[in-house]
Structure formats: structure tokens, C-alpha cells
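Quick notes on the structure that follows.
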Amino acid sequence: MGKVYRYRGADQANRWRKRAGRRMPSRRLSRPLLGLLFLGVGTLAAAVIQFVIQSTVGLPSTIRNWTEPQPGPLEGRASVIDGDTVEIAGQRIRFSGIDAPESRQYCSDAKGFDYPCGRRAAQALDEFLAASRPLQCSFVDRDRYSRLVGNCDRADGRSVQRWLVEQGFALDWPRYSNGAFAAEQVSAKAAHRGVWQGRFDQPWDWRAANADKIETVSEQSTGVGILGSGCNIKGNISVTSGERIYHLPGQEHYDETVISLGKGERWFCSEDQARAAGWRKARR
């Protein structure tokens, strides 16, 4: 009769099995395998931490905008929204690197009288664009309202942003321009053109102090009123008959209708308002 072995743990069992000619297989991992395992766990943990940090503080714009791909260059007839924003074929475009007075903003002229500098800038832009159509824009980013931000030129190649700053209808916005239009601003200031003829608040300061007078985020994202009200009914004047006709979103000629403030055309907030002002509804 052979010996009786009592198992008192894995190590002792292996010794006894070895004596009996059988060795229990070892469950220990080799050092190289352990190293690879720890490396993989560490890499995964670092990736998770980085994702959490980026989600907390905000992703860079290039990553954030992956879900909103930028379109290629856009060309077409532009409707003026305000002094630094236009619309082409239903697409809102904010000029890059400049800031014009807000639609409801007033400035003081050389004699100290207040005038609507925001609307004056929009009217000047409308006349400038009308002189050489179509407008051509290339895009660099999206702003926090998902509007496209771009550099725009007239059909004759003149930069819209440079002209606006040079004429004093907009300011170089160092926060976003890196001084790209600083030379034009120096020229406008020296010649007392536009807002430089008197006293004014920088548009970004005016917005901060008059948050209740500007449109809400949802209106900036979806509305298209020249006065910054979010109103989107286009009041057009027929070039053939002189008849005043308003177009509602979704009507046949809405997108192609361009509002020219200099010609007396305007935006409305409701059909009642348009009819009261003497406009009739487009037939289709």
C-alpha cells in the first residue's frame, strides 16, 4: 500500500505531486505578461481621465465641430441681417474678426447728437453689397449660436470686413482677429469716419450692458430680423410695379428675396404688422 499524502496548500501539493511524478500546472503569469497587462490598464485609465477632463472644460473647436461639418465656399445674393451678419440662401453668416454696432445701439455724432449707428452700419453694408454681387464667403468656424463665421468678398474681390472697418461701420475685434484689421481701424479713426466721428461704446461692451435689448439665443439661431428682434417676414418692394409685398418663410420666392434697407424694404414680426404698414402677402 502506497503512502497517503495530505494536501496543505498548492505549494505543498505540488511538492507531493512532484514526488509522485505529477506536477500541478502553475497558474502564475510570467513577468512579461504582467507588464503588458499593467501597461494596457494604465493606457485605458489615462484615456478615460482625458475624456472626462475634455468633457468638463470643453473640447477644442476643431473637435467640437466634427458634428457640424463646415460647408465649402458659398456664393449668392446676400440679405443683410445687421452690420456684421448676412444671410445667403437661408444660411446665416457672421463676418470673421470684426464687430459692428448692434441693431438697437445708438452712438453720438460729431455734434453730440445720438443716431442709430447699428442701423446705419446695416444700411451701409446693404448698399456696399448691392454694388457688386454676388457675395462670396469662405468659412473658418461656427460661433456659439451655430452660425457660420467666414471671410466674405464682393464679386469684384473687395473684402467686406476690411471695408466695414475702414469706413468706421465696424471695429477690429482683437479677440478673434489677431489684429487683422487694425490698420483699417487706425485709418478710420484718423479720418473720423463712421462711429469715430463722435462717442460710442464698443459693441461687445454695449451688449454686456444691454443684454435686455438684444435678441435671445434662440432668436439669433433661427430669426432673421434686421432690427435684431427675431422677425422673419420679408417686406419687399417690386422693382416693376412698386407694390409692397411681404413673403413668409416657406413661400416660393422667400429664399431668393433680398431685403434692401436703402430702398425702404424691411422685416416684419407678424402679418398684421406687415398689412398695417401697407404690404400685401405674396400670392405664392
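Just give me the residues in the stretch 177-196 being closer than 15 Å to Ser108 by Cβ and surrounded by 19 or more Cβ atoms within 10 Å (Cβ to Cβ), in sequence order.
Across the stretch 177-196, the qualifying residues are Gly194, Val195, Trp196.
Among the residues of the stretch 124-148, write down those that are closer than 14 Å to Val160 by Cβ and polar (S, T, N, Q).
The answer is Ser132, Gln136, Ser138.
Which one is farthest from Ala122 (Cα to Cα) among residues in the stretch 87-100 that are touching a helix residue (DSSP H, G or I) at 6+ places or on another chain (Cβ under 6 Å) and in a loop (DSSP other than H, G, I, E, B)?
Gly97
Is it the case that the stretch 64-86 has a residue that's part of a loop (DSSP other than H, G, I, E, B), within 14 Å of Ala170 (Cβ to Cβ) and modelled with pLDDT of 55 or more?
yes
Just to verify a result, which residue in the stretch 179-209, among those that are in contact (Cβ under 8 Å) with a residue 12 or more places away in the chain and acidic (Asp, Glu), is nearest to Asp141 (Cα to Cα)?
Glu184
Answer yes or no as to whether Ala122 is closer than 24 Å to Ala191 by Cβ, among the small types (Gly, Ala, Ser), at pLDDT below 95 and not assigned by TED's automatic domain parsing to the domain that holds Trp267.
For Ala122, the condition - closer than 24 Å to Ala191 by Cβ, among the small types (Gly, Ala, Ser), at pLDDT below 95 and not assigned by TED's automatic domain parsing to the domain that holds Trp267 - is met.
Take Ser241 and tell me if it is among the small types (Gly, Ala, Ser), at pLDDT below 75 and out of contact with any strand residue (DSSP E or B) (no Cβ under 8 Å at 6 or more places or on another chain).
So Ser241 does not fit the description; no.
What are the residue pairs meeting all of these: first residue in the stretch 164-178, first residue among the polar types (S, T, N, Q), second residue part of a loop (DSSP other than H, G, I, E, B), Cβ atoms under 8 Å, and 6 or more apart or on different chains?
What qualifies is Gln167/Arg193; Ser177/Ser96; Ser177/Gly97; Asn178/Gly97.
Checking Arg199 against (1) at pLDDT 95 or above; (2) part of a helix (DSSP H, G or I); (3) over 22 Å from Arg266 (Cβ atoms), only one condition comes out false. Which one?
The failed condition is (2).
Could you name every one of the helices (runs of 4 or more DSSP H) located completely within the stretch 140-195 that has at least 2 residues being in contact with a helix residue (DSSP H, G or I) (Cβ under 6 Å, 6 or more places away or on another chain)?
Counting at least 2 such residues, we get 160-166, 182-191.
When the stretch 101-115 is examined, which residues are found to be assigned to a loop (DSSP other than H, G, I, E, B), surrounded by fewer than 17 Cβ atoms within 10 Å (Cβ to Cβ) and small (Gly, Ala, Ser)?
Scanning the stretch 101-115 gives Ala110, Gly112.
Would you point out the residue of the stretch 119-148, among those that are of a type in the set (A, V, I, L, M, F, W, C) and more than 26 Å from Glu265 (Cα to Cα), that is surrounded by the fewest Cβ atoms within 10 Å (Cβ to Cβ)?
Here the answer is Val140.
The values are calculated or read from the model by the stated rules, or taken from the named source; none is laboratory data. Just so it is clear, the structure is predicted and the values come from calculations on it, not from any experiment. FYI the Cβ positions are ideal-geometry reconstructions off the backbone, even for glycines, and counts take in every protein chain you see.
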